[in-house]
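The values are calculated or read from the model by the stated rules, or taken from the named source; none is laboratory data. As the structure is a prediction and not an experimental result, all values here were calculated from the model. Here the Cβ positions follow ideal geometry from the backbone for every residue, glycine too, while neighbour counts run over all protein chains shown. The area values use the complete protein model at the heavy-atom level, side chains included, leaving out ligands, DNA and RNA. Shrake-Rupley method; radii C 1.70, N 1.55, O 1.52, S 1.80 Å.
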Amino acid sequence: MIEALLQLLLNGAASGGVYALVALGYTLVFSVLGVINFAQGALFSIGGYLTYLLMGGRIGVNGALPGWGLPGGLPFALALLLAAAGSGLISLLVERVAFAPLRRRGAEPLLALITSLGAGVVLVNLLQLLMGAEGYAFPHGADALAGLPDVLVIGGARIRTIQVLLLLISAAAVLALSLWLERSKGGRALRAVAEDATTAQLLGINSAAMVRLAFFLSGALAGLGGGLIGVSVSLPGPYFGIGYGLKGLAVLVLGGLGSVPGAIAGGLLMGLAEALVPSDASGWRDALAFAILFVVLLLRPSGLLGRRTVEKV
Amino acid sequence: MIDNGLLVQMLLGALLGLSVYLPLAAGQLSLATPAFYAVGGTLAALLSTRWSGLGATADGGFPVPSLLLELVLGGLLAGLLALLVGRLVLRLQGIYLAIATIALVEIVRVAILNLPFTGGAVGIFAIPQPFHDASGYLLPALALLALAGWICQRLEGMPLGRAMAAIRGDELAARCLGIDTTRVKLTAFVLSAVLAGSTGALAAHFLNTWNARQGSFDASITTLAFVVLGGSRTWLGPVMGGLLLTALPELLRPVGNVRLVLFGLVILLGPVLAPQGLITPALLERLGGWNPRGSAEGRQEAQP
């Protein structure tokens, strides 16, 4: 009984860690620009597929280049890192096309929501043209875990090693990012731009560079999440990231828009809540995040750890 | 090229475009249209097959008055849902409202997928047909569009429409002028839902099968593209956007399956290249002095 519960909690925490990654990505961009980058879900998909290709996976029969694949194949850790960086670079492209022109014109921030949604749709469908709509399983599976056993026994509970790795890697990424934001010069500069871009600019901080940095990091976090989910479950089709992107939104609101600790706590809570849905109601699990989102928006729109903002005229 | 079936689809697209336009005319970006469309369609599919049948015949026929009844009921149910949900979500603004409406679409989708009587992933099929072929649907679709367009046009001269425009301009200022902004926004939201619900009821018969995929996040994007392309300053914009963007992928079919890439590009580049969309008030004025605002006041402004 206790073992089963422990197993449930660990699984919940593992998917919660991935939700936290996605939500943190949203948070970085939101705190700097005050807008939500709806392309985040697409970048999640791209991270998953890049990891697959970098590990030596081949394109399926419905893709643009059937049977094509990179020669060789990188070990999981390196592939994951490069895939995250690749998603970060594509995120920079999204910033250039969907956000920068509107910002230059001083357009209403809500328009960026629409353009980034468009960027996401284009990216996911280009991915679909390239890779086909079919699902992919990772080429190496258990080998990728470099000699680790498939299943670990923790306190009597059997849990898949990849789930533990998932939790550890996302925890490490989240921790590193928080420390960087809190302690380093670059992190402080980013927070200064988030607080007040004009003042930061006057103090000699390159605001434009900080905006790009925020987009790169946020894309990399999404890509990391996509790679991790891809290895631990599979790649069920180019759209799989959209679902995680939408759930990340729910986590973002749950934690409080713009709050880093909120995104982390929200992610874990959401993962645990989903894990506790009984299996005979598993079809409803996907609605849980949005039901929670609704309740939070109604009872406490500033989220669990968000700042309450006062509307000014 | 354009056959009757495609024409009906185009009209349905125009109707959904109008449904996204209505809250937007009051300054509210709601992506909830597919949720209401799904609710109306599901109700019609259930009423004409599993529940009462409403006079469906054994050979798959269906009386036209029953279809009209379903349009009304689908609209009413969707409107009722909008009334309940709108009271809660319309307190939210901007990004929060957009997120809340996406959440509504997802909840409705998962509910239709999992409820015991909606047919699961397969959905409801063999929905009875009131007409012999696709051309029969032209008349009701056109009539619904004419009615919706007439209401939108009338709105612009009415206090409600003016209040909507005021809220769109500056919500706080509108409130200071004594406009009950919550009530106005709620009315626009409910109107949008009724329209989407009725459209769904018609679409369920036209499409012959109905499942949870009809009201997905994809559909939110598609319907949003209608408004972004056509423009949201006059009701003719979303109508044009819906007609064009529904027809275009069919006409481009030889190019391959690029439908969603196309929609994505429209939403991505539209606000940058043509912030007002294709149909702007200025354009309408140039095309023969027809005033989209439809009011005496507007005409005076046009000829100072």
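Put simply, the amide H of residue B:61, placed in the peptide plane, has neighbours under 5 Å in B:129, leaving out anything fewer than 5 places away on its chain.
Here the stretch A:209-313 is treated as a sphere whose radius is the Kirkwood value from Cα pairs; by Stokes-Einstein at 10 °C and 1.306 mPa s it diffuses with a coefficient of 105 µm²/s. Solvent exposure of chain A, expressed per residue, is 43 Å² of accessible area, with all protein chains present and a 1.4 angstrom probe. Counted over the stretch B:4-215 with a bin width of 5 Å, the fraction of Cα pairs per bin, in whole percents, is 1, 8, 16, 19, 18, 15, 10, 7, 4, 2, 0, 0, 0.
Here's the picture: charge each Lys and Arg Cβ at +1 and each Asp and Glu Cβ at -1 in the stretch A:196-313, and of A:236, A:264, A:199 the one pushed furthest to the positive end of that dipole is A:199. Computed 3J(HN,Hα) for the stretch B:234-247, one whole-Hz value per residue from the Karplus formula 6.51 cos²θ - 1.76 cosθ + 1.60 where θ = phi - 60°, is 9, 5, 5, x, x, 5, 4, x, x, 4, 5, 6, 7, 6, glycine and proline marked x. Using a Gaussian network model of chain A in which every pair of alpha carbons under 10 angstrom is joined by a spring, one finds that among A:54, A:80, A:175 the greatest mean-square fluctuation is at A:175. Restricted to Cα atoms, the stretch A:1-159 shows a radius of gyration and a Dmax of 18.9, 60 angstrom.
Which distance in Å, rounded to a whole number, links the C-alpha centroids of the stretch A:222-272 and the stretch A:273-295? Taking the Cα centre of the stretch A:273-295 as reference, the centre of the stretch A:222-272 is 15 Å away. Within the accessible surface of chain A, defined with a 1.4 Å probe on protein heavy atoms only, the carbon and sulfur portion equals 67 percent.
Within chain A, the selection of entire DSSP H helices by a Cα span of 18 Å or greater along the long axis and an average Kyte-Doolittle value of at least 1.0 returns A:2-33, A:40-54, A:76-94, A:109-131, A:161-183, A:207-232, A:240-255, A:260-275, A:285-299.
So what is the calculated 222 nm ellipticity per residue for chain A, using -39500 (n - 2.57) for each DSSP H run with n of 4 or more, over all residues, to the nearest 500 deg cm²/dmol? Don't jump to the answer; show the numbers that get you there.
Values: 12 runs with 208 residues, N = 313.
It comes out at -22500 deg cm²/dmol, rounded to the nearest 500.
How much area per residue is accessible in the stretch B:22-126 when the probe is 1.4 Å and only protein heavy atoms are counted (Å²)?
37 Å²
When the distances between all Cα atoms of the protein assembly as shown are binned every 20 Å from zero, what whole-number percent does each bin get? Calculated over all Cα pairs of the protein assembly as shown, the distribution is 19, 52, 27, 3, 0 percent.
Given a 1.4 angstrom probe, I'd like the percentage of the accessible area of the stretch B:4-215 that is carbon and sulfur, rounded to a whole number.
Values: 5470 of 8080 Å².
Summing carbon and sulfur atoms, their accessible area is 68 percent of the total for the stretch B:4-215.
Between residue B:287 and residue B:88, the distance separating the two model label sites (each 7 Å from Cα on the Cα→Cβ line) works out to 4.1 nm. Remark: spin-label model distance residue A:201-residue B:4 equals 6.1 nm, labels positioned 7 Å along the Cα→Cβ axis. DSSP beta bridges confined to the protein assembly as shown are antiparallel in about 90 percent of cases.
Heavy-atom accessible surface of the stretch B:181-246, averaged per residue, reaches 26 Å², computed with a 1.4 Å probe. Compactness of the stretch B:116-257 was expressed as the Cα radius of gyration divided by 2.2 N^0.38 Å, which yields 1.26.
Hey, with R₀ at 51 Å, roughly what FRET efficiency would residue B:273 and residue A:2 work out to, going by the Cβ-Cβ distance, to 0.05? So, using R0 = 51 Å, E works out to roughly 0.25. In vacuo Debye scattering of the stretch A:159-266, one point per C-alpha: log10 I(q)/I(0) at q = 0.16, 0.19, 0.24 Å⁻¹? Per q value, in the given order, log10 I(q)/I(0) is -0.84, -1.09, -1.40.
The residues of the stretch A:108-131 listed by number as losing at least 30 Å² of accessible area in the complex, against the isolated chain and with a 1.4 Å probe, are A:110, A:113, A:114, A:115, A:117, A:118, A:121, A:122, A:125, A:129. Residue B:168 contributes an accessible area of around 70 Å² to the protein surface, as traced by a 1.4 Å probe with all chains present.
For the stretch B:9-54, the calculated P(r) over all alpha carbon pairs, in 5 Å bins from 0 to the bin holding the longest distance, is 5, 20, 20, 20, 15, 11, 6, 3, 0 percent.
A convex hull fitted around the alpha carbon atoms of chain A yields 145 Å³ per residue. On association of chains A and B, roughly 3600 Å² of accessible area becomes buried (total for both chains; probe 1.4 Å).
Helix-only mean residue ellipticity at 222 nm, chain B, DSSP H runs n ≥ 4 weighted -39,500 (n - 2.57), per residue, nearest 500. What is it?
Numbers: 13 runs with 207 residues, N = 304.
So the calculated ellipticity at 222 nm is -22500 deg cm²/dmol.
Compare each residue of the stretch A:30-63 in its chain alone against the assembly with all protein chains, and report those whose accessible area goes down by 20 Å² or more; 1.4 Å probe, heavy atoms. The answer is A:36, A:38.
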